[in-house]
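Chemist: Attaching a single structure in structure tokens format; questions to follow.
The values are calculated or read from the model by the stated rules, or taken from the named source; none is laboratory data. Keep in mind that this is a model prediction, so the values were computed, not measured. In this analysis, Cβ positions are derived from the backbone assuming ideal geometry, glycine residues included, and neighbour counts consider all displayed protein chains.
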Amino acid sequence: MGFSIRSTFSALLAFLLAINVATASAAEKVFGLAEVLSHALENNGEIKALRAERGLREAAKIRAGLLPNPSLEFEGAGDFLFANEGERSFSAAYSQEMLTAGKRTKRLKVAGKDLEEYGHRIADAERLLAEEVKIAFYDLLLVEDRLKLAGRFVEINEQLLRIARDRLEAGDIPELEVNLARVEVARSQGRKAEAEREIEPGRLKLFSLMGLPPGSEVGIAGALERQEFSARIEDLKALALARRPDLMALAAEKERAEAELRLAEAEAMPNVTASLSVQQVDSSLDVGDITAKDRDKLMGLKLSVPLPLFDRNQAGKREAVTRRASADSRYLFVRKNIERSVEAVFSRLMATGKSLSIYDRDIFPQLEENLRLTREAYRLGQVGFLSVIEEQRKFLEANEGYLSALHEWNTTRARLSAAVGGGAQ
């Protein structure tokens, strides 16, 4: 009744593949991690809403580049209700407000930086979504692996029960050991039922992040595995500072605040309104019995300039200075936090890697041998039933610990990928 870690995980993998094949036959699609990420980034509701709202910033940039609308005025006058001697006047005026101090260019600069910042915010939301999707994906794989492990130990305990029954029939053991074997089978079946209950919540969480509609028939294919990782912490921190979209957004915010200050200073300068008018005046003059008619045509030019005696945009300039100082402080704070977060996640990954190495090098080889020898010794009647149960318990705990460490390795890799801006896989 030999039993090894390699045979265990081979059986688990075969069981997983069987489940995936069965799922694929009944499902419309089977997604691996790459397909899951692609579908989530394309269909997640929050991301789609953020992308749609980009149009508001684009509209603001269009508005910033528009010139003030001109005015067209018409005016007519006469002595209809008075002497009614035919005196009339009619005028038409065209007025245009002219922006001074380069306000249009400065407004376009502010709107452009706002649009650039929002683009980085969208990229940052995509970065965080990718991290969340990866973790949900690995959570689901962990639950599936625990279910397969629980199923495997149901088989192991059922085999132990058959051995106990054979020895009972041979008169080698009391009936109590058979009852104990039945209890172990029931306990392993209960553990399997608990694992089964975790499958559907994990699938629903992942499908929600992917933006899949309710009732979607989708299979998930993948495996928890330890991939080689050789990046240096210095390189990862440099990559994070160069690629993190939230830091890029803050850099754009700093530039926008500087542009807003330049605009606020320009807004202190009044705009000039120029008016061009054309006027026609009909008049009459009575000399004795003779009435003389006269028609004059006049053209005028008017310039209107507000005097900045009280409002020189003091409040606007104060607001712009405050926003610039705030943006500078926030940028420096987030920059330091990024370096610290990369260091923390990297340290956690290295610690998890050491834990996995201990399992592979020190724990599994000895446990594998102990379990094999104990089961064989029980079959030959050399050890008691409780010794087998104890070794199986140790082996089960070691397998569960290894799965947890493997899950931790994969989720920490996902967190590190997000910490450096999505570049580490």
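Chemist: Return yes or no: is residue 231 at pLDDT 90 or above and either over 26 Å from residue 119 (Cβ atoms) or among the small types (Gly, Ala, Ser) (or both)? So that I can check it myself, show each step before the final result.
Modeler: Values: at pLDDT 90 or above: no; either over 26 Å from residue 119 (Cβ atoms) or among the small types (Gly, Ala, Ser) (or both): yes.
In short, no.
Chemist: Okay, moving on. Tell me, which residue of region 199-243 that is among the acidic types (Asp, Glu) and assigned to a loop (DSSP other than H, G, I, E, B) is nearest to residue 144 (Cα to Cα)? Spell out how you get there, then give the answer.
Modeler: Initially, region 199-243 is screened for residues among the acidic types (Asp, Glu), giving 200, 217, 225, 228, 234-235.
Checking the rest, the ones that are also assigned to a loop (DSSP other than H, G, I, E, B) come to 217, 225, 228.
Working: 217: 17, 225: 14, 228: 23 Å.
The qualifying residue nearest to residue 144 (Cα to Cα) is 225.
Chemist: Further question: Does at least one position in region 213-230 carry a residue that is closer than 19 Å to residue 39 by Cβ, surrounded by fewer than 19 Cβ atoms within 10 Å (Cβ to Cβ) and in contact with a His (Cβ under 8 Å, 6 or more places away or on another chain)?
Modeler: Checking region 213-230: not a single residue is closer than 19 Å to residue 39 by Cβ, surrounded by fewer than 19 Cβ atoms within 10 Å (Cβ to Cβ) and in contact with a His (Cβ under 8 Å, 6 or more places away or on another chain).
Chemist: For region 334-381, what are the residues that are among the small types (Gly, Ala, Ser), in a helix (DSSP H, G or I) and more than 30 Å from residue 253 (Cα to Cα)? Step through it out loud before you land on a result.
Modeler: First, pick out the residues of region 334-381 that are among the small types (Gly, Ala, Ser): 341, 344, 347, 351, 353, 355, 357, 377, 381.
Still in the list and also in a helix (DSSP H, G or I): 341, 344, 347, 351, 353, 355, 357, 377.
Correct list: 347, 351, 353, 355, 357, 377.
Chemist: Assuming residue 74 fulfils every condition listed in (1) free of Cβ contacts under 8 Å to residues at least 24 places away in the same chain; (2) under 30 Å from residue 180 (Cα atoms); (3) not β-branched (Val, Ile, Thr) apart from one, which condition is it?
Modeler: Checking residue 74 against (1) free of Cβ contacts under 8 Å to residues at least 24 places away in the same chain; (2) under 30 Å from residue 180 (Cα atoms); (3) not β-branched (Val, Ile, Thr), the one that fails is (2).
Chemist: Residue 181 - would you say it is at pLDDT below 95 and either in a helix (DSSP H, G or I) or polar (S, T, N, Q) (or both)? Reasoning before the result, please.
Modeler: Working: at pLDDT below 95: yes; either in a helix (DSSP H, G or I) or polar (S, T, N, Q) (or both): yes.
It is true that residue 181 is at pLDDT below 95 and either in a helix (DSSP H, G or I) or polar (S, T, N, Q) (or both).
Chemist: Kindly list, by first and then second residue, each pair from a residue in region 379-407 that is closer than 20 Å to residue 349 by Cα to a residue that is in a loop (DSSP other than H, G, I, E, B) and at pLDDT 85 or above, limited to pairs with Cβ atoms under 8 Å and residues at least 6 apart or on different chains.
Modeler: From residues that are closer than 20 Å to residue 349 by Cα, the pairs are 403/224; 406/224; 406/225; 406/226; 407/224.
Chemist: Name the residue, out of 173, 122, 156, that is outside any helix (DSSP H, G or I) and either surrounded by 17 or more Cβ atoms within 10 Å (Cβ to Cβ) or among the β-branched types (Val, Ile, Thr) (or both). Reasoning before the result, please.
Modeler: On the way: 122 fails: outside any helix (DSSP H, G or I); 156 fails: outside any helix (DSSP H, G or I).
Selected residue: 173, the only one of 173, 122, 156 that is outside any helix (DSSP H, G or I) and either surrounded by 17 or more Cβ atoms within 10 Å (Cβ to Cβ) or among the β-branched types (Val, Ile, Thr) (or both).
Chemist: Checking residue 311 against (1) assigned by TED's automatic domain parsing to the domain that holds residue 117; (2) of a type in the set (Asp, Glu); (3) over 35 Å from the mean Cα position of the chain (by Cα), which test does it fail?
Modeler: (1)
Chemist: How do the pairs read when you match residues in region 294-310 that are in a loop (DSSP other than H, G, I, E, B) with residues anywhere that are surrounded by 10 or more Cβ atoms within 10 Å (Cβ to Cβ), using Cβ under 6 Å and keeping only pairs 6 or more apart or on different chains?
Modeler: 305/270; 305/272; 306/270; 308/270
Chemist: Do you know which residues across region 371-403 are surrounded by fewer than 16 Cβ atoms within 10 Å (Cβ to Cβ) and of a type outside the set (D, E, K, R)?
Modeler: Of everything in region 371-403, those that are surrounded by fewer than 16 Cβ atoms within 10 Å (Cβ to Cβ) and of a type outside the set (D, E, K, R) turn out to be 373, 377, 380, 381, 382, 384, 386, 387, 401.
Chemist: Mind checking whether some residue in region 393-403 is part of a helix (DSSP H, G or I), over 30 Å from residue 177 (Cα atoms) and among the aliphatic types (A, V, I, L, M)?
Modeler: yes
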